[in-house]
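Below you'll find the structure, written out as structure tokens, and then a few comments.
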Amino acid sequence: MNPIEITPFTPADLDSAYHLFKRSIPDTFEKEGLTAAFTDEIQQEVDGKKQMLHDAIVDEASVRFLVARMDGNVIGAISIGPCKEDVIRCTEGKLSNILELGSLYVMPEYQGQGIGSALIHEMITSLAERGIEHFCLDSGYRNAQMRWLRKFGKPYVTVQDYWGPDLPHMVWHCNVADYLR
């Protein structure tokens with residue numbers, strides 16, 4: 001495998017990052033068994049990520065992205081920004097002033113190779129460098145929940161049946177210093 005470079009997102013990355021979301025979001029839904037019934041939600045998620053990319057270009061204070069590149073192409077991304085509505089709702093506003101780590105996607109053919117972990121590490125390192133002591137993250141995807149349970153431990157809150165019967169939403173509240181290597 002060629003070397004991976006992780007850097008801040010730039011306007012030149014826009015098309016490649018958008019392509020990442022167009023490929024990886026449907027793949028994520030498919031792996032969750034949600035493809036057929038969630039076509040509109042998939043497109044909303046892709047459109048939402050595209051808007052976040054544009055927001056990051058216009059106002060870096062709103063959301064920041066790091067991207068993983070191989071051979072000049074974006075193959076992974078992660079963001080940090082204000083808490084979204086699901087976290088605020090699930091925590092009854094208790095984490096509303098904490099930055100949320102999100103938008104972690106890796107191209108399907110590169111998953112399971114440590115790229116997501118490298119993106120998380122780089123983002124947490126950048127938070128520490130900025131003097132940020134806490135972050136949160138959330139997931140309604142079962143596969144991601146299993147990974148986050150291994151990586152971040154017990155969630156701060158789990159809301160049962162949030163997305164429907166037997167589909168919980170989990171939120172983690174993390175101390176940056178706990179995840180620095």
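The values are calculated or read from the model by the stated rules, or taken from the named source; none is laboratory data. This structure is a prediction, so every number in the text was calculated from the model and none was measured. Counting neighbours? That spans all protein chains shown, and the Cβs are built from the backbone with ideal geometry, glycine included.
Overview of values
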{"read-out": "Inter-residue pairs, beta-carbon under 9 Å, first farther than 17 Å from Glu100 by Cβ and in segment 156-181, second acidic (Asp, Glu) and surrounded by fewer than 17 Cβ atoms within 10 Å (Cβ to Cβ), 6+ apart", "value": "Gln160/Asp166; Leu167/Asp161; Pro168/Asp161; Ala177/Glu133"}
{"read-out": "Qualifying residues in segment 87-97 (those that are out of contact with any strand residue (DSSP E or B) (no Cβ under 6 Å at 6 or more places or on another chain) and not in a loop (DSSP other than H, G, I, E, B)) - the one surrounded by the most Cβ atoms within 10 Å (Cβ to Cβ)", "value": "Ile88"}
{"read-out": "Evaluation of Ala37 against (1) surrounded by 14 or more Cβ atoms within 10 Å (Cβ to Cβ); (2) modelled with pLDDT under 85 (one fails), failing number", "value": "(1)"}
{"read-out": "One residue from Pro165, Pro155 being more than 22 Å from Ala68 (Cβ to Cβ), outside any strand (DSSP E or B), modelled with pLDDT of 95 or more and of a type outside the set (D, E, K, R)", "value": "Pro155"}
{"read-out": "Unmet criterion (only one of (1) outside any strand (DSSP E or B); (2) under 15 Å from the mean Cα position of the chain (by Cα)) for Asp55", "value": "(2)"}
{"read-out": "Count - residues of segment 168-181 that are part of a loop (DSSP other than H, G, I, E, B) and in contact with a Ser or Thr (Cβ under 6 Å, 6 or more places away or on another chain)", "value": "1"}
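For (1) at pLDDT below 95; (2) surrounded by fewer than 19 Cβ atoms within 10 Å (Cβ to Cβ); (3) of a type in the set (S, T, N, Q), each residue gets a yes or a no:
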position: Ile75; (1), (2), (3): no, no, no
position: Pro82; (1), (2), (3): yes, yes, no
position: Ala118; (1), (2), (3): no, yes, no
position: His134; (1), (2), (3): no, yes, no
position: Ser139; (1), (2), (3): yes, no, yes
position: Gln160; (1), (2), (3): yes, yes, yes
position: Met170; (1), (2), (3): yes, no, no
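One line per residue, one yes/no per condition, for (1) out of contact with any Cys (no Cβ under 7 Å at 6 or more places or on another chain); (2) touching a residue at least 60 places away in the same chain (Cβ under 8 Å):
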residue	(1), (2)
Asn2	yes, yes
Asp13	yes, yes
Asp27	yes, yes
Gln43	yes, no
Phe65	yes, no
Val74	yes, yes
Ser79	yes, no
Leu95	no, yes
Gly112	yes, no
